[in-house]
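The values are calculated or read from the model by the stated rules, or taken from the named source; none is laboratory data. For clarity, every value in this text was computed on a predicted model and none was experimentally measured. All Cβ positions, even for glycine, are placed from backbone atoms using ideal geometry, and neighbour counts span all protein chains on display. Just the protein is used for accessible areas: all its heavy atoms, side chains included, with ligands, DNA and RNA removed. Shrake-Rupley method; radii C 1.70, N 1.55, O 1.52, S 1.80 Å.
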Amino acid sequence: MAAHLLRNSAKSWLLNSCRQSLIRQQQLKRWLHLTPCLDKNVSFNLSDIGEGIREVTVKEWFVKVGDTVEQFDNLCEVQSDKASVTITSRYDGTITKIHHKIDEIALVGKPLVDFDVKDDEDGDDSSSDGSSSSGSSSSSSSSTSSGDVEESTAPVSEGRVIIPATPSVRRLAKEHKLDLSQVPATGKNGRVLKGDILEYLGEVPKGTNVPHPTISNKTEKSVASPVSAPPADRVEALKGVRKAMLKSMSESLKIPHFAYSDEIDMTNLVQFRNQLQAAAKENGVPKLTFMPFCIKAASIALSKFPIVNSSLDLGNESIIYKGAHNISVAIDTPQGLVVPNIKNCQAKSVIEIARDLNTLVERGRTGSLTPKDFADGTFSLSNIGVVGGTYTHPCIMAPQVAIGAMGRTKAVPRFNDKDEIVKAHIMSVSWSADHRVIDGVTMASFSNVWKQHLEQPALFLLQ
């Protein structure tokens, strides 16, 4: 009897154990969801584009949500403080989210776009099961931000215009294939009446329908109240070139400037340049201006006074003398005033400098300058004469220690060596220097060497 009870209890324990095991397996199946693919949504972060740039402005998108892109396809164009850069894709996949609108600020290291990266297995699954792909696309679209939803629905609400009218009036308009929005309404609060349609069709004389007082009052108010209020103020965030100007000029104000001005007789250089125009065209320079001569003369003067081609290291209280003459030139572009530089002017002729200058001007006008074009400038020149004006007080671009600005060349009377009044082409120049590094005698001596080569252009042949 005891053995029988033991066997029954063992059987009962075994059945309970099996039943509990089956329940656990069913629960695990219910909790564990097996899926053939994993979530491959990745964020594409804006990479560092160099020159210490930490933020950019999005100028143009080449893709939109739902587009399929491959590696190295163009995604967008961004504008930094110094240049425009085209951002390319690192992934193959579908765009699921764009984090920034046009003219918004994007930070380096932060997400720019989100990708749904798909491998070959995903492609097979999507091609074999159309309903699953459509379901995934609907779920992805539902997961977009509320801002995207508002943008997609806004055009629908804006495009729908309801004209007040009774069903009989709508039926009459439909019979004559009329657009009710084109029919002048005379009913209350702009309601289109049957008489309005008949008058529009010419079946009754014009003026038969008298406008409702609600419409006539609106018309009288609109006519009686002329626009006399001044235009409203407008707030615009600084971005692009203007934002770069804020930073650079704030640094410039920390430099103790001193100014030095002089006049240069350009008469001989005018004749010298005219003699070189034909040779310049043969060497790829359609029009030879004074600027290449000014740049080359500055490079010659920098060789004689290297402290003008230096920078100040405040931390170590030392001066860094620059070997290369990378002369920055101010260029007026549709985006604003930019200051790229011509590299190694000390090793280039006037014609070579003219070619490089024309290239920078053309790229500046088309917005295709790169950060490399702005890097490592050692000295600056600005030609305000193309706009107008004579003397100015230019601001030094840190970490440089000097800058020059040329005014407009004017034909004025001057006395020659025989005390005769002659026609002379006079150009004014204004220099600004960092008084912590350069004294007045050094700047004046530098200016004299620069002036000597412009007034006696044959000296360029000795370089």
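Given Cβ point charges of +1 (Lys, Arg) and -1 (Asp, Glu) and nothing else, what value in debye, to the nearest 20, does the dipole of region 338-463 about its Cα centre take? Could you put the intermediate results ahead of the total?
Working: 13 positive and 11 negative charges, 60 e Å.
Its charge dipole is roughly 280 debye.
Can you check what the net charge comes to around residue 292, using other residues whose Cβ is under 12 Å from the Cβ of residue 292 (Lys, Arg +1; Asp, Glu -1)?
Details: positive: 273, 287, 296, 348, 355; negative: 352, 356.
Here the charged neighbours net out to +3.
If R0 is 45 Å, what FRET efficiency do you get for residue 415 and residue 237 from their C-beta distance, rounded to 0.05? Walk me through the numbers on the way to the answer.
Numbers: r = 55 Å, r/R0 = 1.23.
The computed FRET efficiency comes out at 0.25.
Amide H of residue 261 versus every other amide H placed in the peptide plane: which residues, excluding those fewer than 5 positions away on the same chain, fall under 5 Å?
431
Within a Cβ distance under 15 Å of residue 280, other residues only, what is the Lys/Arg minus Asp/Glu net charge? Mind dumping the intermediate values first?
Details: positive: 273, 281, 287, 296, 348, 355; negative: 282, 352, 356.
Value of the local net charge: +3.
Using the heavy atoms of the protein chains and a 1.4 angstrom probe, tell me the accessible area per residue for region 242-461 in square angstrom. List each step's numbers first, then the result.
On the way: 10840 Å² over 220 residues.
Accessible area per residue: 49 Å².
Calculate the spin-label point distance for residue 189 paired with residue 365, positioning each point 7 Å from the Cα along the beta-carbon direction, and give it in nanometres.
5.8
If I take R0 = 45 Å and measure r between the Cβ atoms of residue 103 and residue 347 in this structure, what FRET efficiency does the formula 1/(1 + (r/R0)^6) give, to the nearest 0.05? Don't jump to the answer; show the numbers that get you there.
Values: r = 41 Å, r/R0 = 0.92.
Once the sixth-power term is evaluated, E becomes 0.60.
In region 305-414, which GluC sites (Glu not before Pro) fall in coil by DSSP and have 13 or fewer other Cβ atoms within 10 Å?
Values: sites: 317, 352, 362; in loops: 317.
Within region 305-414, the qualifying GluC sites (Glu not before Pro) (loop, at most 13 other Cβ atoms within 10 Å) are 317.
How charged is the neighbourhood of residue 358? Take every other residue with its Cβ under 14 Å from the Cβ of residue 358, and add Lys/Arg as +1 and Asp/Glu as -1.
Numbers: positive: 281, 287, 348, 355, 363, 365; negative: 352, 356, 362, 373.
Spelling it out: positives minus negatives among the neighbours equals +2.
Return the FRET efficiency for the residue pair residue 86, residue 436: r is the Cβ-Cβ distance, R0 is 35 Å, and the value is rounded to the nearest 0.05.
Values: r = 40 Å, r/R0 = 1.15.
After rounding, the FRET efficiency stands at 0.30.
Whole angstrom only: what separates the Cα centroid of region 67-85 from the Cα centroid of region 393-432?
Cα centres, region 67-85 to region 393-432: 44 Å.
Classify region 226-366 from the C-alpha gyration tensor, please: rounded if a/c falls under 1.5, else prolate or oblate depending on whether a/b exceeds b/c. Before the final figure, lay out each step's value.
On the way: a/c = 2.16, a/b = 1.28, b/c = 1.69.
It is oblate, given that a/c is not under 1.5 and a/b is not larger than b/c.
Cα to Cα, under 29 Å, and not fewer than 8 places away if on the same chain: which lysines meet these conditions relative to residue 110?
40, 59, 64, 82, 97, 101, 118, 239, 243, 247, 372
Using a probe of 1.4 angstrom, how much of the accessible area of region 284-417 is carbon and sulfur, in percent?
55
Please calculate how many Å² of accessible area region 54-108 carries per residue, with a 1.4 Å probe and no DNA, RNA or ligand atoms counted.
Details: 2870 Å² over 55 residues.
Solvent-accessible surface per residue comes out at 52 Å².
List every residue whose amide H lies under 5 Å from the amide H of residue 67, counting only residues 5 or more places away in sequence or on a different chain, with H placed 1.01 Å from N in the peptide plane.
It is 95, by chain and number.
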